[in-house]
Each structure stands twice: as structure tokens, then as C-alpha cells.
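Student: Following this message is one structure expressed as C-alpha cells.
The values are calculated or read from the model by the stated rules, or taken from the named source; none is laboratory data. All values derive from a computational prediction rather than experimental measurement. Cβ coordinates were reconstructed from backbone atoms using ideal geometry, including for glycine residues, and neighbour counts include every protein chain displayed. We work out accessible area using only protein heavy atoms, side chains counted, and drop any ligands, DNA or RNA first. Shrake-Rupley method; radii C 1.70, N 1.55, O 1.52, S 1.80 Å.
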Amino acid sequence: MADVDAGRAVAGLREIARLTGDEDGAQRVAWTDTWVQAKEWLQGTLADLPLDYEVDEAGNQWWTLPGASDRAVLMGGHIDSVPNGGWLDGALNVLGAVEVLRRIAADGRPATTVRLVNWADEEGARFGRSLFGSSASSGTMADQGEIRNRTDAEGIRWEDALREHGVDLDRALDAHRQLANAAAYLELHIEQGPVLESMGLPLGAVIGTFGVERSLITWRGQAAHAGSTPMDQRRDALAGAAKLELEIRDIARRAGSGAVCTSGGVVCKPGIVTSVVETAEQLLDQRNMEAGTLARMLAEAKEASERFAREENIDVEWSRIWNIQPILFDETLVGFAEDAIREVSGTTHRLPSGPLHDAAEVARAGVPTVMLFVQSLRGLSHTKLEDTKPEHLELSVQALDRLAERTIDWVAGS
């Protein structure tokens, strides 16, 4: 077996960062020209390999190396980014898998078919809904009506943006055919958190992904003059949002087990300095590894919001933006991941993933799935400060290669 060229993966990461980023970070937001440029660059890097290539109904890119069996081992991730994002988030998944696929192709016809995927719009940065391409392929997408009416910051409808990029929303679920022969899915990712660095470990095996409840909370009060309205007579919508922002910290603390709650934004109207806030639209993201605990966290937040509304003499309404249940990865593949990590770095650690990943959607479709994490310096991601030591990046690609080899043997023998 030839050695995987992990150094080439790191060089590719630097090249795509140079081509599709600026002084503020990565700019590969899905459904934009820069994202298209990145996809075309990726396609070009694989042009010399004997691969079948297609773009499916949801905009996902697929490369296929036929094997002795039609059963397929899938690898990949996404190259779209958040605005001003990091150089590794998503891109490492794909470029690491590119080099593993290149190594497998160099060794001749594999025992199973091997496929590389670049999922469309994992981040949801432009329209606020994550995992578009992978949820279409998994068959779990059930919110086409909401997607159809979503708009970006400039008022452009998501359905129109999809159409501009060759995606018909009514046919997106046809991408499910891509998983027909899928026997396993492997994904490499930076941790995006501080656990591995705090333990002094380069790599970890991921046991699953947190469940997520994402909500829009609308507080309604009464606009009134900032100078003439007494404090005790105000119906300030922002007061409810402010109280809830502080309360969610205690909700997460009480839940324990790594629970997190985040109010990521509040939009106030009329939004002028001389008026009491009439409407405050608040975003809430809650995550936990246990479904029952996550449900209690949501219920506690709703109960608290109703209490704050009474206290401030305002109204509150909730609407769900999106949710996904906690996902546990395949225990056999987690074991393979640990073995691969030990081979390249000596020590491993099991940990859950707080961030969302396409791997969760693939697992929801019933495909055995696992992820590898590589250490993130300072635990930072979704920022231009995101970084990982080059030697750790190379170790992660080597571990993915060992994991892929074990998985191909497992699938071929089952």
C-alpha cells in the first residue's frame, strides 16, 4: 500500500484559502460566485484520476472510483464557509479525503467502490438553514415550503438562488439516490473546540453529534418616545430578550452534560435611539447529546420567556427555525477510528461533537458513520484565527487513510 501524501492535502488547503479568501478569512459562502470558484478548483484537482463525476439534484458534487463491489465507502465534507471564516472548517474534510482517494486509486481497483462527496451548503450562512445538501440526500428534508420563502440579507429568495445554481428545489430530494449503495461514511474535521488541545492530544474519535433546537423568539411591546415615557410605563420588547439571554446560561448549567445555549442575535424595531423597542426578534440555539434533556431545555426557555413577558407587560411568540435529534455514530467504525488514531499518534480520546456536521444527516439515513477530529488551536473556529498545527493536519489525513483502509476491508468482508 502506498503512503498517503498528507503534505499535499495541507498545501491544497493553503491554495484554496488563497484563491477564495481575503484578509478577513474564508469567503466561500454557499450559493455565491466564490463558492462556485472553489467547486471548480476542487474539480480540477481531481481531473487526473480515473473517476466518474456528477453533480446531483441538491448541488452536491460526487466523484466515484469503481471497485470490485458496488457497495460504497463514502468520504468527504463541505468546502462552503461562513463569511470571514477559517481556512480549515470544511475544506480539511474534503482535501484530506481527496488525498486518501488518490492513494486508493494508485493502489489499483479497490475491493469496494469509493466515493468522495462535497456537500452543498453545510453552513447555512446565507439563508440560515444548515445541512442543505446532506439533508436532501438523507431524505430528511421536510421543510421545502419554508426554504422556498427564506430570503437572505438582501431580500433574495433562496429558491431563486438555488435556481441560479442549477438546483430545482422540487427535485432536491432526488439526491437520495446517491446513498443507495452506501455502506459507510467517513468524515474528518477540525474539532472547533478546546477539548483535544486541553488534553494535549492531536486527534480524537467522535461518538456522535449533539441534537439542536434552533428557534426564533419574537417579543412585542409598544414603541414610545424615549424621553417622555416613564420607566414604569414602558413595554420594552428588548427587556424580554435581555432577560432570556441571561436565563439560558442557567438553563444550560442545570442541564449539565455539556449542554449549551446561545442567543446569537437580536434585531430591534424601530431600531432608533429615541424610541422604546416595539419588536425584538431573538435567535436561540440549544444543543445537547441527550434528546430528553434537549427537550427540557427548550421547555424551560419557553416557560421563562412567558414569565418575562408577564413581568414586562409584553407579548412573546416562538417559532422553530430548525431542529435535529442527537445522533450516535456506528460503534464498529468508532473502534476503527480509535485504532487508526493510535497507529499514527499513539493515544486517542472519544468525544461528542457540539457543532453540526453533514455526517449527522448521513447517519440519519441509516448509513454507518463516524468522524475524526483533529485539534483546534485555542478552540477557535468560524474566524480567520482558526488554526491547527501543520503536523497535526498531516496526522489527521494519515489517520483518515488508515480508517478508510479498515472500513473498505470491513465492508468488503460483510
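Student: Between GLN144 and ARG296, what is the spin-label point distance in nm, taking each point 7 Å from the Cα along the Cα→C-beta axis?
Tutor: 3.9 nm
Student: Using a Förster distance of 35 Å, how high is the FRET efficiency between GLU317 and GLU164, based on the Cβ-Cβ distance and rounded to 0.05?
Tutor: It comes out at approximately 0.60.
Student: Could you sort ARG287, ARG220, ARG115, ARG163 by their accessible area in this structure, using a 1.4 Å probe and putting the largest first?
Tutor: Reading off the accessible areas and sorting them downward yields ARG163, ARG220, ARG287, ARG115.
Student: Can you list the HN-Hα couplings for region 327-335, worked out from phi with the Karplus curve (6.51, -1.76, 1.60; θ = phi - 60°), rounded to whole Hz and with x for Gly and Pro?
Tutor: So the J values, rounded to whole Hz, are 10, 9, 7, 5, 5, 4, 5, 4, x.
Student: Here is a follow-up. Please give the solvent-accessible surface of ILE104 in Å², to the nearest 10, using a probe radius of 1.4 Å with every protein chain present.
Tutor: Estimated to the nearest 10 Å², ILE104 gives 10 Å².
Student: With a 1.4 Å probe and all protein chains kept in place, how do GLU54, GLU391 rank by accessible area, largest first?
Tutor: GLU391, GLU54
Student: Something else about it: Calculate the FRET efficiency for GLU303 and HIS349 from the Cβ-Cβ distance with a Förster distance of 30 Å, rounded to the nearest 0.05.
Tutor: Once rounded, the FRET efficiency stands at 0.25.
Student: Shifting gears a bit: Once every DSSP H run of n ≥ 4 in the chain is given -39500 (n - 2.57) and the sum is divided by its residues, what mean residue ellipticity at 222 nm do you get, rounded to the nearest 500 deg cm²/dmol?
Tutor: -12000 deg cm²/dmol
Student: Separate question: In whole percent, what relative contact order does region 21-134 give with Cα contacts below 8 Å and a gap of six or more residues?
Tutor: Relative contact order of region 21-134: 34 percent.
Student: Next question. Given a Förster distance of 56 angstrom, what is the FRET efficiency for ARG310 paired with ALA412, based on the Cβ-Cβ distance and rounded to 0.05?
Tutor: Calculated value: 0.35.
Student: Right, next: Between 0 and 90 degrees, rounded to the nearest ten: what's the tilt of helix 390-413 against the longest Cα principal axis of the chain?
Tutor: On a 0 to 90 degree scale, this one is about 70.
Student: A further question follows. Test of the criteria: in region 116-157, which GluC sites (Glu not before Pro) are in a DSSP loop and have at most 16 other Cβ atoms within 10 angstrom of their Cβ?
Tutor: Hits after loop and neighbour filter: GLU154.
Student: On to the next question. Can you return the lysines within cross-link range of LYS243? Criterion is Cα-Cα under 20 Å, with same-chain partners fewer than 8 residues away left out.
Tutor: Excluding near neighbours in sequence, the set is LYS269, LYS302.
Student: Something else about it: How much of the DSSP bridge set in region 14-146 is antiparallel, in percent, rounded to the nearest 5?
Tutor: 65 percent
Student: For the pair GLU154 and LEU380, how long in nm is the line joining their label points, each one 7 Å along Cα→Cβ?
Tutor: Using points 7 Å along Cα→Cβ, the separation is 2.9 nm.
Student: LYS389: accessible area at probe 1.4 Å, nearest 10 Å²?
Tutor: Taking all protein chains as shown, LYS389 has close to 90 Å².
Student: Something else: Test of understanding: extend the Cα→C-beta vector of GLN43 to 7 Å, then name every residue of region 145-178 with backbone N under 15 Å from that spot.
Tutor: Output list for this probe position: 165-167.
Student: Would you kindly derive the ³J(HN,Hα) couplings of region 299-313 from the backbone phi angles with the Karplus curve 6.51 cos²θ - 1.76 cosθ + 1.60 (θ = phi - 60°), listing them in order in whole Hz, with x for Gly and Pro?
Tutor: Values per residue, Gly and Pro as x: 5, 5, 5, 5, 4, 5, 5, 5, 5, 5, 4, 5, 4, 9, 6 Hz.
Student: Tell me which residues come under 5 Å, amide H to amide H, from GLY76 once H is placed; ignore anything under 5 positions away on its chain.
Tutor: Close amide H contacts, sequence-distant or interchain: VAL117, LEU186, LEU188.
Student: Ranked from the most accessible area to the least, with a 1.4 Å probe and all protein chains present, what is the order of LYS39, LYS384, LYS302?
Tutor: Largest to smallest exposure gives the sequence LYS384, LYS302, LYS39.
Student: To continue, here is another question. Kindly rank 23-31, 194-202 from highest to lowest mean number of other beta carbons found within 10 Å of each residue.
Tutor: Put in order of decreasing packing, that is 23-31, 194-202.
Student: Restricting the count to DSSP beta bridges whose residues both fall in the chain, what percent are antiparallel, rounded to a multiple of 5?
Tutor: Percent antiparallel among DSSP bridges in the chain is about 70.
Student: Can you give me the solvent accessible area of ARG320 with a 1.4 Å probe, rounded to the nearest 10 Å²?
Tutor: ARG320 exposes around 130 Å² with every protein chain in place.
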